[in-house]
1. For segment B:101-132, what are the residues that are farther than 22 Å from A:Arg74 by Cβ and at pLDDT below 95?
2. Just the residues that are more than 11 Å from DNA strand C (Cβ to nearest atom) and either more than 26 Å from B:Arg85 (Cα to Cα) or of a type in the set (Ser, Thr, Tyr) (or both), please, taken from segment B:22-62.
3. Restricting attention to helices (runs of 4 or more DSSP H) lying wholly within segment A:42-136, give those where 3 or more residues are closer than 14 Å to B:Met55 by Cβ.
There are 2 protein chains.
Amino acid sequence: MKVAEAAARSGLPAKTLRYYEEIGLITPRRRDNGYRDYEDGDVNRLRFLRRARQMGFSIADCRQLLSLFDDQDRESADVKSIAVRHLAHIDARIEEMNLLRRNLARLVEACHGDGRADCPILDDLSGRPGCGCEPEET
Amino acid sequence: MKVAEAAARSGLPAKTLRYYEEIGLITPRRRDNGYRDYEDGDVNRLRFLRRARQMGFSIADCRQLLSLFDDQDRESADVKSIAVRHLAHIDARIEEMNLLRRNLARLVEACHGDGRADCPILDDLSGRPGCGCEPEET
DNA sequence: CCTTGACGTTCCAGCCACTGGAAGCCTTAT
DNA sequence: ATAAGGCTTCCAGTGGCTGGAACGTCAAGG
């Protein structure tokens, strides 16, 4: 099948399919006229990639996961270790975001948000003390 | 002061100071020899930018916040609306991440992670049913 | 047989917010 | 005089695409 159908079946934009080929993730055959020719197996791999990307795996991770996916002699431990690492990464990001959210929410609540110039948000950003959200400052 | 000192005082890399000038955020004067010459006010603005970026505000937001910071006749409502919008954005991202984390954690727990090829993580990514994490699929 | 239009192809540019590095100028110390 | 270090500019790369231009291919209709 041609790129548009593979795109439709995999749920990825055709542009992305071309990009994945460019970086060597999925390399479909070519017809005599130069058109890409995707097979069902390619579509499966593309779907796999779409879901892995949806799960937040990097392209580098996806490359490894895909090769494990293709490898019948894989060890699930290898898959799990990639996933565990990714999970730790996500947890760290969630922690950051929660901290961020707490600080920002506190500022938003403190700001009366009217016509006056006085503003705790700007005060905080400009470094006024009293917020305790500075990690370390010389 | 020259760029290295402004960088040290603001807590930003010198490269970033040059970049901020390039995009028109902070434009220090120049000495006769072409060197950038930062003043204390510039350093304050740089610190402001550093903290705002730390809070996750985009450069576009920072630009607006900085102009409000500089404007003595600002209305705190304008600041607050930027912050509220950002907070909503963060909340949405946290929600995404939490969903992601739940799905990934479930898969990681389900994977025995030994020498066998059988792997629920790959099963899920390849589209095997039973995970319920597909938003909509044709 | 020719045209039209929908596809396909490649390549280049841009997004965000920097970051690294090269090549060359300026200043200070020896 | 020279060496070291900091300053300047400009170009390229990061990740993961996305948009667009310019051109090739193919099936259908007149």
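The values are calculated or read from the model by the stated rules, or taken from the named source; none is laboratory data. Everything numeric in this text was worked out from a predicted model, so none of it was measured. Methodologically, a virtual Cβ is constructed for each residue, glycine included, from the backbone with ideal geometry; neighbour enumeration extends over all protein chains shown.
1. B:Gly132
2. Passing the criteria: B:Thr27, B:Pro28, B:Arg29, B:Arg30, B:Arg36, B:Asp37, B:Tyr38, B:Glu39, B:Asp40, B:Gly41, B:Asp42, B:Val43.
3. A:76-110, A:120-125
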